[in-house]
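Scroll down for the structure; my scribbles are underneath it.
The values are calculated or read from the model by the stated rules, or taken from the named source; none is laboratory data. Please read these numbers as outputs of a predicted model, since none were measured by experiment. When we count neighbours, we look across all protein chains shown, and the Cβ atoms used for this are built from the backbone with ideal geometry, even at glycine.
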Amino acid sequence: MSQGQPVIILKEGSGESRGREAQRNNISAAKLIAEVVRTSLGPRGMDKMLVDTMGDVTITNDGATMLKELDVQHPAAKMMVEISKATDNEVGDGTTSAVVVAGALLEKAEDLINKNVHPVVVVDGYSRAAEKAQKILEEIAEKVDPENRSEMLKVANTSMMTKLVNEDSPHLSGIVVDAVLQVADKRDGGFKVDIDNVKVEKKPGGALTDTKLIQGIVLDKEVVHSGMPRKIEEAKIALVNSALEIEKTEFSAEIRINDPKQMQQFMDEETNILKGMVEKVQAAGANVIICQKGIDDLAQHFLAKAGILGVRRVKESDMTKLGKATGARIVTNLDDLTSKDLGYAKLVEERKLEEDKWVFVEGCKNPKAVTILVRGGTQRIVDEAERALHDAIMVTKDVFELPAVVAGGGAPEEELSFQLRNWAQKLSGREQLAALKFADAMESIPLTLAENAGMDPIDTQVDLRARHGKEGKWYGVDAMNGKVADMYAKAVWEPLAVKLQILRAATEAASMILRIDDVIAASKMKAPPMPPGGGGGMGGMGGMPPM
């Protein structure tokens with residue numbers, strides 16, 4: 001209202017909520033998202049079954065996958081989904097923890113806001129506490145050697161133990177560590193790992209223990225011609241990204257033939273061109289050709305006669321991986337192909353998996369790209385195993401790039417809570433209240449683990465605080481045995497990089513939601529009005545009668 005006159009600024013149907021109401025609404029939505037995922041935290045966490053609009057079922061306890069599959073509408077809840085996605089892309093694990101911590105930070109902040117503490121004061125206190133928490137984490141972290149396989153196994157195994165595949169985690173974590181060790185590049189005294197070089201292929205059938213690491217690449221393609229060999233040992237591989245076909249001219253052309261002999265000459269010339277292509281491959285000494293584009297039927301025939309195994313229409317990403325695995329150089333023009341461009345593999349073989357035929361290129365000397373072939377009883381199990389392997393590969397990569405670990409089981413969070421409480425006593429004013437609430441929120445991880453394991457959360461909290469007060473920094477919740485224990489001694493190790501990411505992502509998301517005091521929602525677009533005469537019918541049909 002302006003001088004008694006109504007002033008309409010927003011579009012008709014727009015909604016607005018302000019102040020406390022807006023904050024309460026946003027905090028409630030974010031807390032609900034945290035509630036959805038918290039029961040799936042830890043080795044005793046439960047799984048969720050998600051059914052999408054098409055009726056496809058996903059069974060998982062991976063936080064990022066759960067939230068990705070949920071069709072979240074509330075804008076504040078979407079921020080929580082975003083932090084789980086960002087954490088998944090950055091470090092691969094800790095997605096559930098990030099959402100649970102953000103939910104706890106908002107819950108504790110709500111107590112202060114209800115007592116008339118300004119949200120900006122809470123945000124400032126949280127950011128100071130987060131900085132301090134980061135320093136504490138870096139101080140308490142233990143250094144590890146990425147090239148020590150047994151230490152890496154502890155990290156991969158910890159990641160796997162919270163998943164559906166935890167029974168087979170020793171076998172699977174061994175595969176993960178060997179794969180990452182194989183593709184890791186040593187640079188400037190540190191390591192760089194490109195996880196795209198670890199290809200994960202999945203096929204239902206067999207058991208999870210049939211999952212194996214292949215020192216090379218598996219292609220979900222079959223050999224192109226029935227007359228070609230199905231198995232070649234000591235393979236010399238040519239990688240070609242142009243077609244073994246007669247190229248059509250880019251402009252329209254026609255050839256006038258007056259005599260049947262000319263027709264025959266034309267056909268013979270095409271045959272000679274294709275034969276020449278195959279002879280170039282033979283001359284280079286290749287006995288396997290893998291082509292990114294097509295291979296003409298006649299060229300297939302000549303390759304089969306020469307005893308060369310051929311695969312066509314291979315994805316560009318797979319061609320790149322094959323180059324890294326076999327040491328071959330990808331050739332665009334067959335005229336340039338020489339014996340130096342060929343890659344080597346001990347065995348190239350077509351094998352039948354379930355109903356499909358796949359080509360295995362394995363036994364490469366020093367492959368910088370490898371494949372993990374995941375097997376399992378059903379499609380659901382194979383899908384969840386693939387998600388578990390992705391997380392384990394990511395945490396192993398994290399430790400390679402930042403070689404420091406902390407214990408699991410909520411131990412670092414409890415230690416943070418203990419040290420932050422002592423530090424907060426030195427702060428003055430209302431920021432101290434926010435820092436103390438931040439310390440309380442850190443305990444949400446061990447308490448959630450205890451609840452999910454069926455332990456008494458109050459007894460666990462008292463026990464943990466007592467242990468950490470006596471210099472027991474690695475005491476956390478041993479969910480498998482339902483008690484408080486030294487998690488570092490139990491080889492439950494998590495990367496420092498994951499904990500730092502959880503801390504940063506949760507604090508930033510909570511701070512952003514707390515600073516919002518006005519939500520203005522535009523009205524939804526209306527559907528365009530229907531033309532007169534019902535559905536209007538299809539063009540020229542004169543409006544079909546209702547069925």
Problem - Count - residues of the range 318-351 that are of a type outside the set (A, V, I, L, M, F, W, C) and within 28 Å of the chain's Cα centre (by Cα) - result: 7
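Among the strands (runs of 3 or more DSSP E) confined wholly to the range 179-271, which include 2 or more residues that are more than 23 Å from the chain's Cα centre (by Cα), under 26 Å from K324 (Cα atoms) and assigned by TED's automatic domain parsing to the domain that holds I393?
Here the list reads 185-187.
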Practice task
Pairs only if they're at least six apart or on different chains, beta carbon under 7 angstrom, first in the range 217-246 and closer than 20 Å to T371 by Cα, second β-branched (V, I, T) and surrounded by fewer than 17 Cβ atoms within 10 Å (Cβ to Cβ); list them, first residue then second.
Solution key: none
Completion exercise
Filter the range 40-88 for residues that are surrounded by 15 or more Cβ atoms within 10 Å (Cβ to Cβ) and among the hydroxyl-bearing types (S, T, Y); the one that is nearest to N481 (Cα to Cα) is S40
Practice task
Report yes if some residue within the range 342-353 is over 21 Å from P229 (Cβ atoms) and either in a strand (DSSP E or B) or assigned by TED's automatic domain parsing to the domain that holds L244 (or both); otherwise report no.
Solution key: no
Handout entry: Counted residues, the range 405-433 - those being among the basic types (K, R) and under 35 Å from the mean Cα position of the chain (by Cα)
Key = 0
Exercise for the section: Could you please let me know if D459 is assigned to a helix (DSSP H, G or I) and either of a type in the set (V, I, T) or under 32 Å from the mean Cα position of the chain (by Cα) (or both)? Expected result: no
Practice task
Report, by residue number, each residue of the range 267-279 that is hydrophobic (A, V, I, L, M, F, W, C) and surrounded by 12 or more Cβ atoms within 10 Å (Cβ to Cβ).
Solution key: I273, L274, M277, V278
Exercise for the section: Residues being hydroxyl-bearing (S, T, Y) and over 17 Å from M480 (Cα atoms): count how many of those fall in the range 126-174. Expected result: 4
Handout entry: Number of the condition not met by V405 [criteria: (1) closer than 25 Å to M160 by Cα; (2) assigned to a helix (DSSP H, G or I); (3) not small (G, A, S)]
Key = (2)
Completion exercise
Checking K397, K340, K365, K426 in turn, the sole residue that is under 30 Å from P146 (Cα atoms), out of contact with any Asp or Glu (no Cβ under 6 Å at 6 or more places or on another chain) and surrounded by fewer than 18 Cβ atoms within 10 Å (Cβ to Cβ) turns out to be K365
Exercise for the section: Determine whether the range 451-472 contains at least one residue that is touching a helix residue (DSSP H, G or I) at 6+ places or on another chain (Cβ under 6 Å) and within 23 Å of M80 (Cα to Cα). Expected result: yes
Problem - Every pair of residues 6+ apart whose Cβ atoms lie under 8 Å, when the first sits in the range 86-107 and is of a type in the set (D, E, K, R) while the second is not in a helix (DSSP H, G or I) - result: D93/E494; D93/P495
Problem - Scope the range 280-330; condition in a strand (DSSP E or B) and either modelled with pLDDT of 90 or more or surrounded by fewer than 20 Cβ atoms within 10 Å (Cβ to Cβ) (or both); matching residues - result: V288, I289, I290, C291, L309, G310, V311, I330
Fill in the blank from the handout: By residue number, the members of the range 242-266 that are acidic (D, E) and exposed (fewer than 10 other Cβ atoms within 10 Å of the Cβ) are E247, E250, E254, D259
Exercise for the section: Name every residue in the range 341-368 that is under 21 Å from E233 (Cβ atoms) and in contact with a helix residue (DSSP H, G or I) (Cβ under 8 Å, 6 or more places away or on another chain), in order of residue number. Expected result: G343, Y344, A345, V361, C364, P367
